[in-house]
Amino acid sequence: MNAATDRRPRRVAGVYRPPVNAARMPPPRPGPLAQLVRTANTLRAQLERDVLRDEGLTWTTYDVLVLVCARRAVETRTAAVEVGIAKATLTHALVSLVDRGLVRRDLHEEDRRRVVLRPTQAGMELARRVQGPVEAAQARLFSEPGMPSEDSLARVLRSLATRSQQDSTTDEPDETR
């Protein structure tokens with residue numbers, strides 16, 4: 001058998017070279033989840049660039065600030081879960097917010113090991129000021145013909161997030177899927 005008729009995979013300098021006439025597998029294609037994440041990344045980058053940068057905020061710091069302002073008092077672990085970030089990411093965001101006097105950290109009244117986040121007056125004012133342009137950008141996006149209502153899309157996304165959190169907290173695979 002010579003090299004021209006040999007159909008076995010061959011290695012050349014440690015690199016796998018498939019046979020020339022091998023059956024080709026279809027390439028993987030991104031699904032709706034990949035598109036959802038890409039869309040979220042695009043929107044986040046646009047809002048950071050067009051609205052939040054002027055106020056010295058990232059999406060994460062804005063999201064944490066708005067949550068703390070809406071709740072008036074929230075524990076750090078609850079804030080991380082609500083925003084959907086790791087506790088280390090929350091800690092990094094809080095360094096900026098606390099240093100700027102927008103949020104303060106207080107020890108929990110009953111359990112001194114836990115930390116409660118509270119907005120300052122400056123934090124409330126900034127959150128209110130930035131919320132307008134963020135909502136205006138949101139309204140522009142949803143005003144396009146054929147777009148679902150903000151409420152219906154929010155419901156679907158909330159449902160996906162809830163399902164994802166439920167799936168990640170169970171150790172047993174879901175046989176019904």
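The values are calculated or read from the model by the stated rules, or taken from the named source; none is laboratory data. Computed from a predicted model, the values in this text were never measured in an experiment. Because the Cβ atoms are built from the backbone with ideal geometry, glycine has one as well, and the counts that use them run over all protein chains shown. What goes into the accessible areas is simple: the full protein's heavy atoms, side chains included, and nothing from ligands, DNA or RNA. Shrake-Rupley method; radii C 1.70, N 1.55, O 1.52, S 1.80 Å.
Which of the residues that make up region 67-82 are open to solvent by 10 Å² or more (accessible area, probe 1.4 Å) and not in a helix (DSSP H, G or I)?
72, 73, 75
Can you work out which of the residues in region 100-120 that are assigned to a strand (DSSP E or B) and open to solvent by 100 Å² or more (accessible area, probe 1.4 Å) is nearest to residue 57 (Cα to Cα)?
Among those that are assigned to a strand (DSSP E or B) and open to solvent by 100 Å² or more (accessible area, probe 1.4 Å), it is 104.
Output the residue which, of all residues in region 129-140 that are within 22 Å of the chain's Cα centre (by Cα) and either open to solvent by less than 30 Å² (accessible area, probe 1.4 Å) or under 19 Å from residue 97 (Cα atoms) (or both), is modelled with the lowest pLDDT.
Here the answer is 137.
If a residue has to be at negative phi and either under 11 Å from the mean Cα position of the chain (by Cα) or buried (at least 17 other Cβ atoms within 10 Å of the Cβ) (or both) to count, how many in region 83-99 make the cut?
8
For region 18-66, name all the residues that are surrounded by 15 or more Cβ atoms within 10 Å (Cβ to Cβ) and among the β-branched types (Val, Ile, Thr).
The answer is 51, 58, 60, 61, 64, 66.
Just name the residue that is modelled with the lowest pLDDT out of those in region 20-49 that are among the charged types (D, E, K, R) and either within 14 Å of residue 141 (Cα to Cα) or not in a helix (DSSP H, G or I) (or both).
Once the filter is applied, the top-ranked residue is 24.
Select from region 108-136 the residues that are touching a strand residue (DSSP E or B) at 6+ places or on another chain (Cβ under 9 Å) and small (Gly, Ala, Ser) and list them in ascending order.
Those that are touching a strand residue (DSSP E or B) at 6+ places or on another chain (Cβ under 9 Å) and small (Gly, Ala, Ser): 123, 127.
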